[in-house]
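Engineer: My questions will all concern the structure given below.
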Amino acid sequence: MESKVLMKGNEAIGEGAIRAGCQAYFGYPITPQTELLEYMSHWMIELGRVFVQAESEIAAINMCYGAAAAGARVMTSSSSPGISLKQEGISYMAGAELPCVIVNVVRGGPGLGNIAPAQGDYFQATKGGGHGDYRLLVLAPASVQEAMDLTSLAFDLADKYRNPVMLLADGLIGQVMEPVHLHDWTPQFVAKPWALTGAAGREKNVIKSIYLQPEKMEPHVQHLQRKYAQMRSDEVRYAEMMVADADIVLVAYGTASRVCQTALKLARSEGLRVGLFRPISLFPFPIQQISDLAKSAKMFLVAELSSGQMVEDVRLAAAGKVPVHLVSRLGGMQLTPEEVLVAIKELGGNEGGAN
Amino acid sequence: MKVERTEIESRQSWREEIVYQRPKALSTTRTHYCPGCTHGIIHRLIAEVIDELGIMEQTIGVFPVGCAVFGYDYFNFDASEAAHGRAPAVATGIKRIYPDKMVFTYQGDGDLAAIGTTEIVHAAARGENITTIFVNNAIYGMTGGQMAPTTLPGQRTTSTWQGRDVAIAGHPVKVSEMLATQDGAVYIARTAVNSPANVNRAKGAIKKAFKVQQAKLGFALVEVLSACPVGWGLAPKEALVWITEHMIPSYPLGEFKATDEVKAIVG
């Protein structure tokens, strides 16, 4: 049965996890994701599932490692500085091919930074983050509804690829309250014959990421790369608004994309041909779609709450066919639709992007 | 050759009872341990205990970063690698999913008493129902003999060339004494494998620690003073004497904690 309730983003992420059959949650308090920890502390125990408030983010991700090794659906969550601490464990999980959902409710940085919404962790999330040659599948919600839906999806994808999946939200998505449809998710459970369950009636299983001989490590890393290639082919997700006739295509994800939606309406009301392209999967990045848009649009304007990180991927995808510009605020400051509109006009939006 | 074999077979014919053989839980993989290293003895004790308790198919081991990093190759049960020092957190994750499986960590002194101090203290404080075998050889063996948190004052290592100066490098960490103060820890014992008698006592402590977990009493840890002849620059026999003369006076053997429940159930 579906019903609509008012929820905070952090709570919706927790609910999405519970509905996806999350069996164990391990976390540590940090603003602005703490409500997620609190939500799980109540409901996981209520439902007879595993909840542990760990002694650190490092311990939490390693508890995930253990529970995932035992075959369970597991999740941890944190915010930027805490996600930095988890990188060791994330790298080990990618290497050992353990499914896990990791939520990053991003705040301003670097360092302790602040607790305002930001997007400065894009590189960390999409380019590996920890040491070694690996990727995470990264999903970026732009609403509370999407935060819940993508969290549930993340569990299925983690199992499907035996790989950690990151939900890259931000302080606004985590804190804002919006109405959400509580979906009835049917988890796509997969068999896990590799899991540690006690070697009864079978050969022993070993979960590890060490391959001391380079001759054995290379095929292992090549196997990982084949999974990432499969993700690039099958898991690209995005949304578009009015791109068909657009001279200027805004490119933004998460909270920045919501600002751009309003900017787009303002621009259209002034007769400017502006569209919006919103990557939902940040890895795999929608390279082909942006490459295609580069044939019809005159330029891209990337809007980010960082000094410009995703803009590099947009430039790679545009491959020099059209200019790629950036409008951004830093350090937890928010973009306004008016600021984006000014940028559109400065780029020649008034003249149909002829500049 | 043929004659010799016949002689051996004829002698075996009256000796029907097998008194010593490889435990089932121990694999046939040749270990990478240095000559005189006592990791092999400790591995064997664990395997014997697992055989005797009949729990090989219910056991999940968690192995460290350090000399025992390939520990999972040497046993015949499910096992996981853990990042350096994180074995108690990994074991917590496994145990919470499978409360009825036998979950243990095998950790050295660098892994447990330096980089992993947080994880072991909090696993003990939570009363996590896991067993930890803590191998203390007072040195970083895998990386070639640097100072460990358990290195003795005055002990020479490759990072304390003049001997550990406590004014510069601080004091040894007394793990068993420290963890015995935690309410969640129900059984804490320090043993050594420097003599046949002590090897037997170590096995008894390991067995007790596994039984504590079977009875779901809480956190149990057995510290084992272990020889590292190569790291110490001693012959294997001298290394065993060094345990007696130097380690045991600093790290006294015995039970540091055994709650009434532990005493009652294990006996």
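The values are calculated or read from the model by the stated rules, or taken from the named source; none is laboratory data. If you're wondering where the values come from, they're calculated on a predicted model, not measured in any experiment. Positions of Cβ are backbone-derived with ideal geometry, glycine not excepted, and every protein chain shown enters the neighbour counts.
Engineer: Within region A:196-216, which residues are in a helix (DSSP H, G or I) and within 14 Å of another protein chain (Cβ to nearest Cβ)?
Structural biologist: Of region A:196-216, the ones in a helix (DSSP H, G or I) are A:214-216.
Correct list: A:Lys216 only.
Engineer: Any residue in region B:234-263 that is on the phi < 0 side of the Ramachandran plot sitting within a Cβ distance under 8 Å of a residue that is surrounded by fewer than 16 Cβ atoms within 10 Å (Cβ to Cβ) and assigned to a helix (DSSP H, G or I)? List the pairs, counting only those 6 or more apart or interchain.
Structural biologist: Here the result reads B:Phe256/B:Glu177, each pair linking region B:234-263 to a residue that is surrounded by fewer than 16 Cβ atoms within 10 Å (Cβ to Cβ) and assigned to a helix (DSSP H, G or I).
Engineer: Then there's this: What strands (runs of 3 or more DSSP E), lying completely within region B:62-164, carry at least 2 residues that are within 8 Å of chain A (Cβ to nearest Cβ)?
Structural biologist: Working: elements: B:78-81, B:102-108, B:131-136.
Of the strands (runs of 3 or more DSSP E) lying wholly inside region B:62-164, those with at least 2 residues that are within 8 Å of chain A (Cβ to nearest Cβ) span B:78-81.
Engineer: When you check A:Leu167 against the structure, is it over 19 Å from A:Trp185 (Cβ atoms), at pLDDT 95 or above and either among the hydroxyl-bearing types (Ser, Thr, Tyr) or not in a helix (DSSP H, G or I) (or both), yes or no?
Structural biologist: Details: over 19 Å from A:Trp185 (Cβ atoms): no; at pLDDT 95 or above: yes; either among the hydroxyl-bearing types (Ser, Thr, Tyr) or not in a helix (DSSP H, G or I) (or both): yes.
In short, no.
Engineer: Among the residues of region A:166-181, what is the count of those that are hydrophobic (A, V, I, L, M, F, W, C) and surrounded by fewer than 17 Cβ atoms within 10 Å (Cβ to Cβ)? Before the answer, list the steps.
Structural biologist: Taking region A:166-181 and keeping what is hydrophobic (A, V, I, L, M, F, W, C), we get A:166-169, A:172-173, A:176-177, A:180.
Going one step further and asking which of them are surrounded by fewer than 17 Cβ atoms within 10 Å (Cβ to Cβ), we end up with A:177.
Total meeting the criteria: 1.
Engineer: Here's a check for you: in region A:310-327, which residue that is in contact with a helix residue (DSSP H, G or I) (Cβ under 8 Å, 6 or more places away or on another chain) and not in a helix (DSSP H, G or I) is surrounded by the fewest Cβ atoms within 10 Å (Cβ to Cβ)? Steps first, answer last, please.
Structural biologist: Kept after step one, since they are in contact with a helix residue (DSSP H, G or I) (Cβ under 8 Å, 6 or more places away or on another chain), are these residues of region A:310-327: A:310, A:313-314, A:316-319, A:321-322, A:324-327.
Among the residues that remain, those that are also not in a helix (DSSP H, G or I) are: A:319, A:321-322, A:324-327.
Details: A:Ala319: 11, A:Lys321: 15, A:Val322: 18, A:Val324: 23, A:His325: 19, A:Leu326: 20, A:Val327: 25.
This residue is A:Ala319.
Engineer: Please enumerate the residues belonging to region A:78-92 that are more than 10 Å from every other protein chain (Cβ to nearest Cβ) and either closer than 20 Å to A:Tyr161 by Cα or among the charged types (D, E, K, R) (or both). First the steps, then the outcome.
Structural biologist: Looking only at region A:78-92, we keep the residues that are more than 10 Å from every other protein chain (Cβ to nearest Cβ), and these are A:78-87, A:90.
Within region A:78-92, A:Lys86, A:Gln87, A:Ile90 qualify.
Engineer: Evaluate region A:333-345: report whether one residue or more is more than 30 Å from A:Gln175 (Cα to Cα) and acidic (Asp, Glu).
Structural biologist: no
Engineer: Could you count how many residues in region A:244-280 are more than 30 Å from A:Leu157 (Cβ to Cβ), assigned to a helix (DSSP H, G or I) and of a type in the set (Gly, Ala, Ser)? I'd like the intermediate steps shown before the answer.
Structural biologist: Pass one, region A:244-280, residues more than 30 Å from A:Leu157 (Cβ to Cβ): A:245-248, A:262-263, A:265-274.
Narrowing the set further to residues that are assigned to a helix (DSSP H, G or I) leaves A:262-263, A:265-269.
Restricting the remaining residues to those that are of a type in the set (Gly, Ala, Ser) gives A:263, A:267, A:269.
Residues in region A:244-280 being more than 30 Å from A:Leu157 (Cβ to Cβ), assigned to a helix (DSSP H, G or I) and of a type in the set (Gly, Ala, Ser): 3 in total.
Engineer: Any residue that is in contact with a strand residue (DSSP E or B) (Cβ under 8 Å, 6 or more places away or on another chain), facing another protein chain (nearest Cβ under 9 Å) and either over 23 Å from B:Arg86 (Cα atoms) or part of a loop (DSSP other than H, G, I, E, B) (or both) - is there at least one of those in region A:41-51?
Structural biologist: Scanning region A:41-51, I find no residue that is in contact with a strand residue (DSSP E or B) (Cβ under 8 Å, 6 or more places away or on another chain), facing another protein chain (nearest Cβ under 9 Å) and either over 23 Å from B:Arg86 (Cα atoms) or part of a loop (DSSP other than H, G, I, E, B) (or both), so the answer is no.
Engineer: Which of the residues belonging to region A:74-103 are crowded, with 24+ Cβ neighbours inside 10 Å and not in a helix (DSSP H, G or I)?
Structural biologist: A:Val74, A:Met75, A:Thr76, A:Ser77, A:Ser78, A:Ser79, A:Leu98, A:Pro99, A:Cys100, A:Val101, A:Ile102, A:Val103, listed by residue number.
Engineer: Moving to a separate point now. So B:Gly110 clears everything in (1) crowded, with 23+ Cβ neighbours inside 10 Å; (2) in contact with a helix residue (DSSP H, G or I) (Cβ under 8 Å, 6 or more places away or on another chain); (3) in contact (Cβ under 8 Å) with a residue 24 or more places away in the chain except one condition, right? Which one?
Structural biologist: Result: B:Gly110 fails condition (2) only.
Engineer: Mind listing whichever residues of region A:120-140 are surrounded by 18 or more Cβ atoms within 10 Å (Cβ to Cβ) and outside any loop (DSSP other than H, G, I, E, B)?
Structural biologist: Kept after step one, since they are surrounded by 18 or more Cβ atoms within 10 Å (Cβ to Cβ), are these residues of region A:120-140: A:120-122, A:124-126, A:128-130, A:134-140.
Those that are surrounded by 18 or more Cβ atoms within 10 Å (Cβ to Cβ) and outside any loop (DSSP other than H, G, I, E, B): A:Tyr122, A:Gln124, A:Ala125, A:Thr126, A:Leu137, A:Val138, A:Leu139.
Engineer: If you don't mind, there's one more thing I want to ask. Regarding B:Lys237, is this residue part of a strand (DSSP E or B), over 22 Å from B:Glu52 (Cβ atoms) and at pLDDT 95 or above?
Structural biologist: Considered against the rule, which asks whether it is part of a strand (DSSP E or B), over 22 Å from B:Glu52 (Cβ atoms) and at pLDDT 95 or above, B:Lys237 comes out as no.
Engineer: Could you tell me which numbered condition A:Leu341 fails, if it satisfies all but one of (1) under 23 Å from A:Asp234 (Cβ atoms); (2) in a helix (DSSP H, G or I); (3) hydrophobic (A, V, I, L, M, F, W, C)?
Structural biologist: Result: A:Leu341 fails condition (1) only.
Engineer: Kindly provide the set of residues from region A:52-72 that are touching a Gly at 6+ places or on another chain (Cβ under 8 Å) and either surrounded by fewer than 21 Cβ atoms within 10 Å (Cβ to Cβ) or more than 10 Å from chain B (Cβ to nearest Cβ) (or both), ordered by number.
Structural biologist: A:Gln53, A:Glu57
Engineer: While we're on this one: Only one of A:Asp159, A:Asp149 is out of contact with any helix residue (DSSP H, G or I) (no Cβ under 8 Å at 6 or more places or on another chain), part of a helix (DSSP H, G or I) and modelled with pLDDT of 95 or more; which?
Structural biologist: Working: A:Asp149 fails: out of contact with any helix residue (DSSP H, G or I) (no Cβ under 8 Å at 6 or more places or on another chain).
The conditions single out A:Asp159.
Engineer: Just name the residue that is surrounded by the fewest Cβ atoms within 10 Å (Cβ to Cβ) out of those in region A:281-309 that are under 16 Å from the mean Cα position of the chain (by Cα) and either outside any strand (DSSP E or B) or not assigned by TED's automatic domain parsing to the domain that holds A:Arg258 (or both).
Structural biologist: Here is the first cut: in region A:281-309, the residues under 16 Å from the mean Cα position of the chain (by Cα) are A:281-286, A:304-306, A:309.
Next, from what is left, pick out any that are either outside any strand (DSSP E or B) or not assigned by TED's automatic domain parsing to the domain that holds A:Arg258 (or both): A:284-286, A:305-306, A:309.
Details: A:Pro284: 22, A:Phe285: 20, A:Pro286: 25, A:Leu305: 30, A:Ser306: 22, A:Gln309: 22.
Filtering first and then ranking leaves A:Phe285.
Engineer: Of (1) surrounded by fewer than 24 Cβ atoms within 10 Å (Cβ to Cβ); (2) touching a helix residue (DSSP H, G or I) at 6+ places or on another chain (Cβ under 8 Å), B:Thr117 satisfies all except one. Which?
Structural biologist: Single failed check for B:Thr117: (2).
Engineer: Let me ask you something else. Scan region B:41-61 for residues that are facing chain A (nearest Cβ under 7 Å) and free of Cβ contacts under 8 Å to residues at least 40 places away in the same chain and jot them down.
Structural biologist: Once the filter is applied, which keeps residues that are facing chain A (nearest Cβ under 7 Å) and free of Cβ contacts under 8 Å to residues at least 40 places away in the same chain, region B:41-61 yields only B:Glu57.
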